[in-house]
Amino acid sequence: MKKGVFITIEGPEGAGKTTIMEMLMEKLKLEGYPAISTREPGGIEIAEKIRHVILDKENKAMDARTEALLYAAARRQHLVEKVLPAIESGYIVICDRFIDSSLAYQGYARGLGIDEIFAINQFAIEEMMPDATLYFDIDPAIGLDRINRDNGREVNRLDLEGIDFHHKVREGYHLLCKRFPNRIVKIDASQSVEAVFESAVDELFRVIQ
Ligand SMILES: Nc1ncnc2c1ncn2[C@@H]1O[C@H](COP(=O)(O)OP(=O)(O)OP(=O)(O)O)[C@@H](O)[C@H]1O
Ligand SMILES: Cc1cn([C@H]2C[C@H](O)[C@@H](COP(=O)(O)O)O2)c(=O)[nH]c1=O
């Protein structure tokens, strides 16, 4: 039986998802809400291992369908091992990326088809869609510039795709905003960290209160 709340954060590279998620967690903890944050692909040992395979820059030969299936496999394991138990225990779970990343990156930008990628992910997640999704919208050129300036961040296989791919990712997210208007809220991530945080807090508390 579901008791907690499942929130996902989405967006192109460098949109500020991790930064704002950490700030949201601090606020939730200060206010006494039971909450955990996690990420995809990853969040647990098996899924972190799959993440390493998917994002390794040496794996240039990876087929797009293989990539899509590996994201779905990591998602399944993370969901059953970490997300669902936390939600069943009444936690607010905030996850950095979930199914919409697969729909935007593999479904739209890689051209595998949003409906096709939704179908393989339904096998992985069954009925478990997020209660709400905060989509951080940013011009990919700005996002990539941010991550290139971030010395602590390792560049991965997906970061190395050309700018046209990253524009397609953003277009894919825009299609998803139209397709799921009740679930996905678009936030202008080109604003200052403080302004993005304020918008994210408003949306988060609208959902959890
Ligand atoms: N609103 C902002 N304005 C300017 N810089 C920002 C903003 N938000 C985050 N940054 C900086 O941009 C870089 C990327 O931020 P962050 O890691 O939070 O993005 P992300 O969306 O999680 O990226 P990715 O998913 O590609 O790893 C960091 O150096 C961070 O400090
Ligand atoms: C879940 C998921 C992720 N991706 C891509 C998006 C990013 O390029 C990387 C993850 O790196 P991050 O620094 O943790 O954001 O993987 C994807 O293509 N499909 C997915 O389902």
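Taking every residue in region 156-175 that is over 12 Å from residue 12 (Cα atoms) and touching a residue at least 60 places away in the same chain (Cβ under 8 Å) and pairing it with any residue that is open to solvent by less than 20 Å² (accessible area, probe 1.4 Å) and among the small types (Gly, Ala, Ser), at least 6 positions away or on another chain, the pairs with Cβ-Cβ distances below 9 Å are 175/104. If you go through region 1-15 and keep only what is open to solvent by less than 20 Å² (accessible area, probe 1.4 Å) and more than 11 Å from ligand 2 (Cβ to nearest atom), you end up with 4, 6, 7. Being open to solvent by 40 Å² or more (accessible area, probe 1.4 Å), at positive phi and not hydroxyl-bearing (Ser, Thr, Tyr) is a condition met by at least one residue of region 92-115. Taking the criterion of being touching a residue at least 12 places away in the same chain (Cβ under 8 Å), more than 15 Å from ligand 2 (Cβ to nearest atom) and small (Gly, Ala, Ser), the only residue of region 32-46 that qualifies is 35. As for region 129-145, it holds at least one residue that is open to solvent by 60 Å² or more (accessible area, probe 1.4 Å) and farther than 26 Å from residue 203 by Cα.
Here the condition is being within 20 Å of residue 51 (Cα to Cα), away from ligand 1 (no atom under 16 Å from the Cβ) and either aliphatic (A, V, I, L, M) or at pLDDT 95 or above (or both); of 179, 110, 183, it holds for 110 alone.
The values are calculated or read from the model by the stated rules, or taken from the named source; none is laboratory data. Since this is a predicted model, take the numbers as computed values, not measurements. Here Cβ is always computed from backbone atoms with ideal geometry, including for glycine, and neighbour counts include all displayed protein chains. Just the protein is used for accessible areas: all its heavy atoms, side chains included, with ligands, DNA and RNA removed. Shrake-Rupley method; radii C 1.70, N 1.55, O 1.52, S 1.80 Å.
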